[in-house]
1. For I147 and N207, what is the calculated FRET efficiency with R₀ set at 30 Å and r taken between the beta-carbons, to the nearest 0.05?
2. Would you mind checking which residues have amide H under 5 Å from I75's amide H? H placed 1.01 Å from N; only 5 or more apart, or other chain.
3. Using the Karplus curve 6.51 cos²θ - 1.76 cosθ + 1.60 with θ = phi - 60°, work out ³J(HN,Hα) for each residue of segment 128-133 in order, rounded to whole Hz, and write x for Gly and Pro.
4. Got a sec to turn the phi values of segment 138-146 into Karplus ³J(HN,Hα) couplings, 6.51 cos²θ - 1.76 cosθ + 1.60 with θ = phi - 60°, whole Hz, x for Gly and Pro?
5. Determine the shape class of segment 133-175: with a ≥ b ≥ c the square roots of the Cα gyration tensor eigenvalues, call it rounded for a/c under 1.5, and otherwise prolate if a/b is greater than b/c, oblate otherwise.
6. Collect residues whose amide H, placed 1.01 Å from N in the peptide plane, falls under 5 Å from the amide H of M135; neighbours closer than 5 in sequence don't count.
7. Rank the residues S248, S144, S162 as a footprinting-exposure proxy: fewest other Cβ atoms within 10 Å of their Cβ go first.
8. Take K235, K163 and order them by how many other Cβ atoms sit within 10 Å, fewest up front.
Amino acid sequence: MPSRVKINPLSSSLTSSLRGSKTLGRSLLDILLPPEHSFGRDNDRLDWSKFTFLDDPCCHLCGFPFEFDQGSGAICGACAGRTPIFDQGRAAFAYDEHSRPYILAFKHGGRTIHLDRFARQLQRAGHLFWNDADMIIPVPLHHSRLIKRRFNQAALLARALSKHTSVPFAPEILYRHKATPSQGGQSQKGRFRNVKGAFTIPDAIKNTLENKTIILIDDVMTTGATIEACTKTLKRGGAQKVYALTLSRVVRAQQIPT
């Protein structure tokens, strides 16, 4: 198994700013990563029976589900028309009318009660990736949105997943320096345009990525625009492979890229 790289979950500048005030430190840490299960009731029910889990058979590259087994290494029409930048992608379940309320409650309502269950589903969906993974990196939020939302749901998922897989959690590698508008309601081309150049890697830690295999985590994949923008930045920073792993993905009839 490749060598592991241990990453401090907080940047050195933030860590130093927290020294000397436990109260302020706890408050700022909660903005970045609130305590797990801090919201929601212990008896909140998650009905897995209505979820559409995304397993084989699927596209070898992006994980798009196939109705029938098309053989080892088969790829979907979208990937045949335009090969994704990430090496492989998988999602735990479909983003649909059954899963959507849980995702939105987690993402915007702060209901983290099912976080560990979500992380277990990510572990299952990404079972092909763990043997050669070096670090788990969440898709970052711009600091202005992070303060408004109080936490980054992708970071919570990535941290919980790291505990289950023992792959190091590295949230400070990728930084979102552009405050882009919400992807909601935008066309596919608009989504790709919106996040172009939105991410960067701090110069001080670029060497950390050299020849590493990254697991990139997000909650929902719609067109893959955000995942691809992050992947491009990571590979420019030296990453050898990037596997995209999302809690859910939108599954609809594919349009072949032109």
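Any read-out appearing in this document is the output of simple, stated calculations on the displayed coordinates, not a laboratory observation. Bear in mind the structure is a predicted one, so any value in this text is a computation, not a measurement. We place every Cβ from the backbone using ideal geometry, glycine too, and count neighbours over all the protein chains shown.
1. 0.50
2. H60
3. Working through the residues one at a time gives 6, 9, 6, 4, 10, 6 Hz.
4. x, 5, x, 9, 5, 4, 5, 6, 4
5. Oblate shape, in that a/c is at least 1.5 and b/c is the bigger or equal ratio.
6. HN-HN under 5 Å from M135: T213, I215.
7. Least to most surrounded, the residues fall as S144, S162, S248.
8. So the residues, fewest neighbours to most, are K163, K235.
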